[in-house]
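Undergrad: Here it is, the structure in full.
The values are calculated or read from the model by the stated rules, or taken from the named source; none is laboratory data. All values reported here derive from a predicted model rather than from experimental measurement. Positions of Cβ are generated from backbone atoms using ideal geometry, with glycine treated the same way; all protein chains shown enter the neighbour counts. The area values use the complete protein model at the heavy-atom level, side chains included, leaving out ligands, DNA and RNA. Shrake-Rupley method; radii C 1.70, N 1.55, O 1.52, S 1.80 Å.
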There are 2 protein chains.
Amino acid sequence: MTMPKERGTRRAGTHVTSVDVAALAGVSQAAVSRAFTPGAPIAAETRRRILDAARKLSYVPNSIASSLTTRRTNMFAVILGNMNNPFYVKLFKILLERLQSQGRQLLTFTVEPGANSDDALMRVLRYQVDGIILTSAQLSTRMTALCHDRGIPIVLLNRYIPGSDVSGVRCDNIGGGRLIAKAFLQAGARHFAVIKGDPRGSTSQDRLRGFAEQILEEGIARRNILELEGQSIYEGARLAVLRAFQGKGQPVPDAVFGINDTMAMGAMDALRGEMGLRVPEDVMVAGFDDIDEGAHWPYRLTTVRQPIEAMIDEALALLQPDAPGRPIEPGIDRTIPGELIWRDTIPRPKHG
Amino acid sequence: MTMPKERGTRRAGTHVTSVDVAALAGVSQAAVSRAFTPGAPIAAETRRRILDAARKLSYVPNSIASSLTTRRTNMFAVILGNMNNPFYVKLFKILLERLQSQGRQLLTFTVEPGANSDDALMRVLRYQVDGIILTSAQLSTRMTALCHDRGIPIVLLNRYIPGSDVSGVRCDNIGGGRLIAKAFLQAGARHFAVIKGDPRGSTSQDRLRGFAEQILEEGIARRNILELEGQSIYEGARLAVLRAFQGKGQPVPDAVFGINDTMAMGAMDALRGEMGLRVPEDVMVAGFDDIDEGAHWPYRLTTVRQPIEAMIDEALALLQPDAPGRPIEPGIDRTIPGELIWRDTIPRPKHG
DNA sequence: TTGAAAGCGCTAACAA
DNA sequence: TTGTTAGCGCTTTCAA
């Protein structure tokens, strides 16, 4: 079945391996390996000859094969939750660019929002990735234990699993929620609606919690904060607002807080488009994340900016790509503060 | 250096391999391989025992190792161009979901818009992917030849390289351009602006070409079509419009055609936001792609819908994931028609 | 249906 | 600095 290999021929055949290159260059196969390994002990002249031969044969080293011995694939996995939210797309984009510039590859997976990531993780394990970035939170401790056992670091991005030993990096969501509440309060709002995302997710919970705490501290009753379910997406928020306030619904509150920008934009479109209200004159609105679209002319959304770059830097540091063998420290939870971005959906405070 | 392996112990150690499972189950290592290979010749009872042992040891098969012999990694590569355009994000999302549901993995790369994909392709080759999907077009024939030589199929999505032997799937961009032109014309437009994307890309060129042809056929002079450069992005289009028409600029045309929706939206925001014009009363606008955001209340953009799902189906078919060894047919170029989506940025034709 | 044995393409001791 | 020699964890003949 297997044909005799035509070594040393110029024919860029189906499978050129280091053996072929070695034959053509008149060196051992190991020398070829060294020629392609930065810092390996090899004479400059030998190296040149090998690289020459390699070029002639259009040889491309097989990373898959090498990872079998080195135990490092140079591949990282990212498991994406809600790709309908531009925030996660931006996160993914920056992550991809970072990793790529470091010469690492990214194996990508999606998981339905709210669905369990275990399946994806199982597949990831088969591919021997060097690290896992999760932006979707539902996963079993059994699974994380599996990863830890084989020394594969996991880091949660913009997520947090209470009581878990999985490390994570996130924005200070509680603080961010407070920032929005303060802005609404100084503008005179007294009745609020919050459009929640995944009610089981820490992100949504924390933002709401900070928001509510700040308002309660102002002496306003909790029942003045109406909670709506927006499923983390534009359309969910739009419909939630319509269902709650349109027609003979409840009175429209003074201020609507979208737990993320996409939902805030969905709410705005319902409020202004379908219900004919003005923002911020009739209703104030605020979001969270600071996605690019929120800054566009139709919205000019006041929001909390998540420090994406810093979060990714931290996450990659937690993945400790430099110290592969190092034991994984359990449950580091890094929190980075967000920044209030004033735009036009909340009246500005008087200057000074 | 290498410790003796503790075979058969329950300890889910650092590296459980099929050998460990075999030892615990009291079978040969080959049997373990068979137990995990669908359709392999193995007794049901043996299989059960092996799976049992595997579970006890939390054994996960190493796909990397197996791909060394099978010559199939089950990984596909996608090379993404402009991730700032939601259209490509949507394309990516659907592609990812499709591949994932087929049990295939996706290795993702980005390339600066307009930059050469050769670097990314080189890395892709090292990882022995089973196929490559490109949404970014600049690549050398040398590179595609390399891929073809080693039997890795490439398919261009929403791209076309004239005279190349790389297969591709795209929307009928010329026809789509004509659809927009017809819509503008029936609404009475006589002076036009087109906001182009990458001037070297076939996509932008074809849409413009179809658009212009239709208009010329109507007897309108070519000089009535002003061409602007929007770099394929929202902000580029916004600034291009401002630069051209704001203040003492040229007179605002009757109709603006954004070569893609993002740019059309950028143009709309410039026109209405900064310049205070009304759409469609003062200027008509149209886009191309039909991204979700274009349907939202502030825009209600008339556009041409790209048949994303069909395009991806075709692309995956061209990648012939079923017939790995089959020689790659050269340069198939599939074109699927787009569909005009009437919304509110061009006055509707009178009914009947 | 099973096991033994020979690789897949590469890296990493070790010796020369 | 080089070549030789074992593997890495798996699949796949080939015999039994």
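Undergrad: Counting just the residues of region A:52-65 that are part of a helix (DSSP H, G or I) and under 13 Å from A:Gln29 (Cα atoms), which one comes out nearest to DNA strand D (Cβ to nearest atom)?
TA: Applying the filter and picking the extreme gives A:Ala53.
Undergrad: Only strands (runs of 3 or more DSSP E) wholly contained in region A:97-164 count here; list those with 3 or more residues that are on the phi < 0 side of the Ramachandran plot and within 12 Å of another protein chain (Cβ to nearest Cβ).
TA: A:105-110
Undergrad: Turning to a different aspect of this structure: Can we say B:Tyr88 is within 16 Å of DNA strand D (Cβ to nearest atom) and either surrounded by 19 or more Cβ atoms within 10 Å (Cβ to Cβ) or outside any helix (DSSP H, G or I) (or both)?
TA: no
Undergrad: Against the conditions (1) at pLDDT 95 or above; (2) more than 9 Å from chain B (Cβ to nearest Cβ); (3) more than 10 Å from DNA strand D (Cβ to nearest atom), where does A:Ala43 fall short? Just the number, please.
TA: (3)
Undergrad: Wholly within region B:224-330, which helices (runs of 4 or more DSSP H) include no fewer than the required count, namely at least 1 residues that are of a type outside the set (D, E, K, R) and touching an Asp or Glu at 6+ places or on another chain (Cβ under 8 Å)?
TA: B:234-245, B:261-268
Undergrad: When only residues in region A:14-27 that are away from chain B (no Cβ under 14 Å) and more than 8 Å from DNA strand C (Cβ to nearest atom) count, which is surrounded by the fewest Cβ atoms within 10 Å (Cβ to Cβ)?
TA: Across region A:14-27, the extreme among qualifying residues is A:Gly26.
Undergrad: Filter region B:36-71 down to the residues that are more than 9 Å from DNA strand C (Cβ to nearest atom) and hydroxyl-bearing (Ser, Thr, Tyr) and list them by number.
TA: The answer is B:Thr37, B:Ser58, B:Tyr59, B:Ser63.
Undergrad: What pairs come up if the first residue lies in region B:59-82 and is more than 8 Å from every other protein chain (Cβ to nearest Cβ), the second is within 8 Å of DNA strand D (Cβ to nearest atom) and among the polar types (S, T, N, Q), and their beta carbons are under 7 Å apart, counting only those six or more places apart or on different chains?
TA: Here the result reads B:Asn74/B:Ser63, each pair linking region B:59-82 to a residue that is within 8 Å of DNA strand D (Cβ to nearest atom) and among the polar types (S, T, N, Q).
Undergrad: Right, something else. Name the single residue that is nearest to the other protein chains (Cβ to nearest Cβ) among those in region B:165-174 being farther than 18 Å from B:Leu121 by Cβ and in contact with a helix residue (DSSP H, G or I) (Cβ under 6 Å, 6 or more places away or on another chain).
TA: In this case the residue turns out to be B:Val169.
Undergrad: While we're here: Against the condition within 27 Å of A:Asn84 (Cα to Cα), among the small types (Gly, Ala, Ser) and not in a helix (DSSP H, G or I), how does A:Ser204 come out, does it pass?
TA: no
Undergrad: Follow-up question, since we're still on this one. What's the number of the condition B:Arg49 fails, among (1) within 16 Å of DNA strand D (Cβ to nearest atom); (2) more than 9 Å from chain A (Cβ to nearest Cβ); (3) outside any loop (DSSP other than H, G, I, E, B)?
TA: (1)
Undergrad: State whether the residues of region A:126-137 include one that is touching a helix residue (DSSP H, G or I) at 6+ places or on another chain (Cβ under 8 Å) and open to solvent by 30 Å² or more (accessible area, probe 1.4 Å).
TA: Yes, there is a match, as at least one residue in region A:126-137 is touching a helix residue (DSSP H, G or I) at 6+ places or on another chain (Cβ under 8 Å) and open to solvent by 30 Å² or more (accessible area, probe 1.4 Å).
Undergrad: What do you reckon, is A:Val78 open to solvent by 10 Å² or more (accessible area, probe 1.4 Å) and either more than 16 Å from DNA strand D (Cβ to nearest atom) or hydrophobic (A, V, I, L, M, F, W, C) (or both)?
TA: In short, no.
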